[in-house]
Amino acid sequence: MSKKQNSAKPSKKIGCNGDPKGATEIAQLLTKPLVSKAARLSVAPMMDWTDRHCRYLHRLLSRETLLYTEMVTAPALVRGGAVHLLEHSVAEHPVALQLGGSDPVELAEATRLGADAGYDEINLNVGCPSDRVQSGTFGAVLMKTPALVADCVRAMQEVTDVDITVKCRIGVDDQEPKEVLPDFINAMQGAGIKRVSIHARKAWLKGLSPKENRDIPPLDYALVYQMKREFPEMHLSINGGIASLAEADTHLAEGMDGVMIGRAAYHNPTDILSTADRRIFGTGTDTDPVQVVQQMLPYVEAHLIQGGKLNQITRHMLGLFAGKPGARAWRRYLSEHATKSGAGPDTVLTALQHVTQAAA
Ligand SMILES: Cc1cc2nc3c(=O)[nH]c(=O)nc-3n(C[C@H](O)[C@H](O)[C@H](O)COP(=O)(O)O)c2cc1C
């Protein structure tokens, strides 16, 4: 189906009650042109971590940074009908949906669902090494078949005008990154892809756990810089082991278009995100984690009213004061009390007192 044919169809909106000018659509129109600009800094997709509550928190810390969902597999959406996985808040924009899959038809259908749900970008995962994912021929194993990835992203681009992007490794197993990475990026460019995030280490598909695959294979930033020189028209983001905004600045100064940060943004969200708008995007003012906690309270309340649990939100907030006075007491109080029955906004406010008292 062509983009033209697709746009002529009445769109099936998820999360905006079929209102053609609903909040999701308006937010999408307002943020769409800004996605590639937002990709100057992004928080990486992380399963079980960057869920909608985490993204809401990160958005309060930084207005500009691009946020990624956890990976959602195309079969879960298309065959399993799990469209609830696409639910998100309009406050999260600019936000990218990451898909896993390797069947062009299924990925195209999942892309259409993601675009209709209002995501600003749809990203294909070519970097995840987990066994479960390998068995479905998703993720990093696709580094071995760039022509198939090209077919997938072509099919994804056919159904939407939303940016289609790819997140990849520099190679897998015994591949030679200096050879396969340029070929891979070339194949993506040939398929019309304009933006790629590169996790600057190989994945070992046998013998290392997913966690080990994020630490043990050595980082090769120089190769990623070289890709930027070889493919100057491509928007390339570098990912892997970046622990501070000062390090992000170094990568940008080396000519990278974007920096993607995963674990450091999750564990130290204030350090990475509260000054990012000013330092990386040259706009806005710094955010204050105490105010961010207060801004989270109406969101917490709404979640509890819908039957949610406090801990589902506060588990992402534990690192807000990392390295600051009261951080340990904040973390301990929330960890111990947020799972108790009746836990709610007051629990968060009591935890916050530990921080404000320590700082006084
Ligand atoms: C808990 C966890 C879950 C992850 N899940 C995904 C995922 O769903 N999709 C993906 O492309 N990468 C995933 N990753 C990898 C990250 O996106 C990122 O590439 C990796 O952590 C390296 O960046 P960092 O050193 O800044 O953390 C995950 C990483 C972590 C720590």
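The values are calculated or read from the model by the stated rules, or taken from the named source; none is laboratory data. None of these values were measured; they are calculated from a predicted model. Positions of Cβ are backbone-derived with ideal geometry, glycine not excepted, and every protein chain shown enters the neighbour counts.
Numbers for the structure displayed
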{"quantity": "Any hit, the stretch 142-158, residues being crowded, with 23+ Cβ neighbours inside 10 Å and under 18 Å from Trp204 (Cα atoms)", "calculated": "yes"}
{"quantity": "The listed residue being on the phi > 0 side of the Ramachandran plot and within 13 Å of the ligand (Cβ to nearest atom), out of Gly262, Gly284, Gly240, Gly255", "calculated": "Gly240"}
{"quantity": "Residues located in the stretch 205-236, provided they are buried (at least 16 other Cβ atoms within 10 Å of the Cβ), within 14 Å of the ligand (Cβ to nearest atom) and of a type outside the set (A, V, I, L, M)", "calculated": "Pro210, Asn213, Arg214, Pro217, Asp220, Tyr221"}
{"quantity": "From Asn186, Asn239, residue being more than 30 Å from Arg279 (Cα to Cα) and in the same structural domain as Ile272 (by TED's automatic domain parsing)", "calculated": "Asn186"}
{"quantity": "Residues located in the stretch 245-278, provided they are more than 19 Å from Trp49 (Cβ to Cβ) and out of contact with any strand residue (DSSP E or B) (no Cβ under 6 Å at 6 or more places or on another chain)", "calculated": "Leu245, Ala246, Glu247, Asp249, Thr250, Leu252, Ala253, Glu254, Gly255, Thr275, Asp277, Arg278"}
{"quantity": "Pair list, Cβ < 7 Å and 6+ apart or interchain, from the stretch 181-209 residues that are touching a residue at least 24 places away in the same chain (Cβ under 8 Å) to residues that are assigned to a loop (DSSP other than H, G, I, E, B) and of a type in the set (Gly, Ala, Ser)", "calculated": "Leu181/Gly171; Arg195/Ala39; His199/Gly127; His199/Gly240; Ala200/Gly240; Arg201/Gly240; Lys202/Gly171; Ala203/Gly127"}
{"quantity": "Single residue of Val180, Val141, Val159, Val172 found to be closer than 14 Å to Val196 by Cβ and either assigned by TED's automatic domain parsing to the domain that holds Leu66 or touching an Asp or Glu at 6+ places or on another chain (Cβ under 8 Å) (or both)", "calculated": "Val180"}
{"quantity": "Boolean, Ala38 is within 14 Å of the chain's Cα centre (by Cα) and under 25 Å from Tyr299 (Cα atoms)", "calculated": "yes"}
{"quantity": "Filtered residue count, the stretch 165-188, keeping only those that are over 23 Å from Met47 (Cβ atoms) and either within 14 Å of the ligand (Cβ to nearest atom) or in a loop (DSSP other than H, G, I, E, B) (or both)", "calculated": "3"}
{"quantity": "Given (1) closer than 18 Å to His337 by Cβ; (2) within 16 Å of the ligand (Cβ to nearest atom); (3) out of contact with any Leu (no Cβ under 7 Å at 6 or more places or on another chain), number of the condition His267 does not satisfy", "calculated": "(1)"}
{"quantity": "Residue in the stretch 7-22 that is more than 15 Å from the ligand (Cβ to nearest atom), touching a helix residue (DSSP H, G or I) at 6+ places or on another chain (Cβ under 8 Å), at pLDDT below 95 and among the hydrophobic types (A, V, I, L, M, F, W, C) present", "calculated": "yes"}
{"quantity": "Total residues in the stretch 43-57, condition more than 11 Å from Gln312 (Cβ to Cβ) and more than 14 Å from the ligand (Cβ to nearest atom)", "calculated": "2"}
{"quantity": "Residue count, the stretch 189-240 (criterion: part of a loop (DSSP other than H, G, I, E, B) and aliphatic (A, V, I, L, M))", "calculated": "8"}
